[in-house]
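The values are calculated or read from the model by the stated rules, or taken from the named source; none is laboratory data. Since the model is a prediction, treat every value here as computed from it, not as a measurement. Here the Cβ positions follow ideal geometry from the backbone for every residue, glycine too, while neighbour counts run over all protein chains shown.
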Amino acid sequence: MKKYDGEFSGLGMIAGLLIGLAKGNLLFGLMLGVICGVAMDWGANLWNDYQQNKKKND
């Protein structure tokens with residue numbers, strides 16, 4: 001099973017920076033981007049684990 005480790009960090013960083021630019025605080029956007037990237041990796045890993053366990057039980 002594929003584990004996601006940093007694949008979504010760029011996407012999260014872009015989203016965070018865009019939000020930071022909209023709010024006028026680039027440092028806030030940078031920190032938010034890191035949090036979003038980690039959250040997306042975590043969510044993708046949870047989704048893969050759920051799909052794998054679902055296939056086992058069927």
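Among the residues of this structure, K54 does not count as one that is among the basic types (K, R), exposed (fewer than 14 other Cβ atoms within 10 Å of the Cβ) and at pLDDT 90 or above. Look at the range 8-24: where a residue is among the β-branched types (V, I, T) and a partner is surrounded by 17 or more Cβ atoms within 10 Å (Cβ to Cβ), sitting 6+ places away or on another chain with Cβ atoms under 6 Å, you get I19/G29; I19/L32.
Scanning the range 17-27 for residues that are loosely packed, with under 15 Cβ neighbours inside 10 Å and not charged (D, E, K, R), we see that the one that is farthest from the chain's Cα centre (by Cα) is G24.
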